[in-house]
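A.B. asks: First, the structure itself, so that you have it in front of you.
The values are calculated or read from the model by the stated rules, or taken from the named source; none is laboratory data. Every value quoted in this text rests on a predicted model; they were computed, and no experiment measured them. We place every Cβ from the backbone using ideal geometry, glycine too, and count neighbours over all the protein chains shown.
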Protein chains: 2
Amino acid sequence: MRYGRRHLRRGYGMGHGWWQGRFRGCGYRITVPREEILSVLSNTSEHLSAEEIYMKVHKTYPGLGLTTVYRTLELLEEMGIVIRIDAGDGRARYELAEGPKGRRHHHHLICAKCGKVIDYTDFIEDEKELISKTESGLSKKYKFKILNHEITFYGLCDACK
Amino acid sequence: MRYGRRHLRRGYGMGHGWWQGRFRGCGYRITVPREEILSVLSNTSEHLSAEEIYMKVHKTYPGLGLTTVYRTLELLEEMGIVIRIDAGDGRARYELAEGPKGRRHHHHLICAKCGKVIDYTDFIEDEKELISKTESGLSKKYKFKILNHEITFYGLCDACK
DNA sequence: TTATTATTGAAAATCATTTTCATTATTGAA
DNA sequence: TTCAATAATGAAAATGATTTTCAATAATAA
């Protein structure tokens, strides 16, 4: 007897992501939707929106709901596994903060017209000194506990200019 | 006979903003809503959302519609008179790019909890070299025409930490 | 295997922003 | 000043991304 089940089951073949430990540690469950979403994020260098992630996962796992994508991304962002980028076009994009291979610290180049986001890792060395100096100065002066920084250049990409 | 008019008329007392020339130059009309919105933006050091601007203007000019605020802000952003800031809390905030007195180049410190935005002008000198170097390097490498940059620190403000 | 309860998906609800459209106000020309 | 052309406006409806609600389902510990 076959059963038309909407849901995959997790099994031996499923791989044991580097992130699973962190999930367990926080008391979160490891589920198929979460595995699928993280798999998509791990296998792209693009900056995907919630809907784009939904569509990609949907191909192999049609049971997925868009709601779950949003919920998962929110969770992943809270855990620092994922970074949300606001390209200013009304929908957020997401990228892995640090993957299994350890992504390098980088910043963004955003096209003001089409919203395309490019990572760049150039000049990070030169940046370090400025950032640490600025960070300690600001933290003192404005009584901010600084957690993160972001350098973004806006402009027009090759195709749009 | 009195008439309950919903609309103020522009008159001699209304002041001649530094921005009016730019409006005329672009073929845009100078209207009361635009004057009022720019007046609010000129008289605050806060980073206001469209709705906050609407509420402030509404006190002296109840005829104003929220739609007009959005439309005006869009126009002002296009003209480079206003800068939109995405604090990541789902609504954009706006600030004057450069006022009559000429605001200094600055960057932002954003509280990840309450969304508060603080301008800082510290370390701008140190920043210059890095930025110009980065800018020319990126522009060449990625064929981007760079128009603008943004440095933002995220953290917790004194009240939230 | 079972009980507990976190997670899920669908549908409805939100909420900021945009669009539509008829009305009104600004502007340049007469 | 008056007038005609049309840009700008406000109200209401539409949009679109994201969030909430709630009953059903699946992951986990015992």
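A.B. asks: For region B:64-92, which residues satisfy the criterion of being modelled with pLDDT under 95 and within 7 Å of DNA strand D (Cβ to nearest atom)?
C.D. replies: Hit for region B:64-92 is B:Gly90, nothing else.
A.B. asks: With B:Leu73, B:Leu38 as the choices, which residue is under 30 Å from A:Leu109 (Cβ atoms), more than 10 Å from chain A (Cβ to nearest Cβ), buried (at least 18 other Cβ atoms within 10 Å of the Cβ) and not acidic (Asp, Glu)?
C.D. replies: The match here is B:Leu73.
A.B. asks: Of the residues that make up region A:101-109, is at least one away from DNA strand C (no atom under 16 Å from the Cβ), closer than 26 Å to A:Tyr70 by Cβ and within 8 Å of another protein chain (Cβ to nearest Cβ)?
C.D. replies: No: region A:101-109 contains no residue that is away from DNA strand C (no atom under 16 Å from the Cβ), closer than 26 Å to A:Tyr70 by Cβ and within 8 Å of another protein chain (Cβ to nearest Cβ).
A.B. asks: Let me ask another. Would you mind finding the one in B:Phe153, B:Phe123 that is among the aromatic types (Phe, Trp, Tyr), within 10 Å of chain A (Cβ to nearest Cβ), farther than 22 Å from A:Ile85 by Cα and more than 16 Å from DNA strand D (Cβ to nearest atom)?
C.D. replies: B:Phe123
A.B. asks: Next up: Give A:Thr72, A:Thr44, A:Thr68 a once-over and let me know the one that is in contact with a Lys or Arg (Cβ under 9 Å, 6 or more places away or on another chain), of a type in the set (Ser, Thr, Tyr) and over 26 Å from A:Asp119 (Cβ atoms).
C.D. replies: Residue meeting the stated conditions: A:Thr68.
A.B. asks: Return the residues of region A:109-155 that are surrounded by fewer than 16 Cβ atoms within 10 Å (Cβ to Cβ), closer than 16 Å to B:Asn148 by Cα and hydroxyl-bearing (Ser, Thr, Tyr); say none if nothing qualifies.
C.D. replies: none
A.B. asks: Continuing with this model, one more query. Looking at (1) outside any strand (DSSP E or B); (2) within 12 Å of B:Phe144 (Cβ to Cβ); (3) at pLDDT 90 or above, can you tell me which one A:Asp158 breaks?
C.D. replies: Status for A:Asp158: all satisfied but (3).
A.B. asks: Mind checking which residues of region A:45-65 are in a loop (DSSP other than H, G, I, E, B) and closer than 15 Å to A:Arg84 by Cα?
C.D. replies: If the condition is that a residue be in a loop (DSSP other than H, G, I, E, B) and closer than 15 Å to A:Arg84 by Cα, then A:Ser45, A:Glu46, A:His47 are the ones that fit.
A.B. asks: Go through region B:104-117 residue by residue and tally those that are in contact with a helix residue (DSSP H, G or I) (Cβ under 9 Å, 6 or more places away or on another chain) and closer than 11 Å to B:Tyr154 by Cα.
C.D. replies: 1
A.B. asks: Tell me which of these B:Leu138 doesn't satisfy, since it passes every other one: (1) within 12 Å of chain A (Cβ to nearest Cβ); (2) under 18 Å from the mean Cα position of the chain (by Cα).
C.D. replies: Status for B:Leu138: all satisfied but (2).
A.B. asks: Taking the options A:Arg84, A:Arg93, name whichever one is of a type in the set (Lys, Arg), within 9 Å of chain B (Cβ to nearest Cβ) and under 19 Å from A:Leu41 (Cα atoms).
C.D. replies: Unique residue meeting the criteria: A:Arg84.
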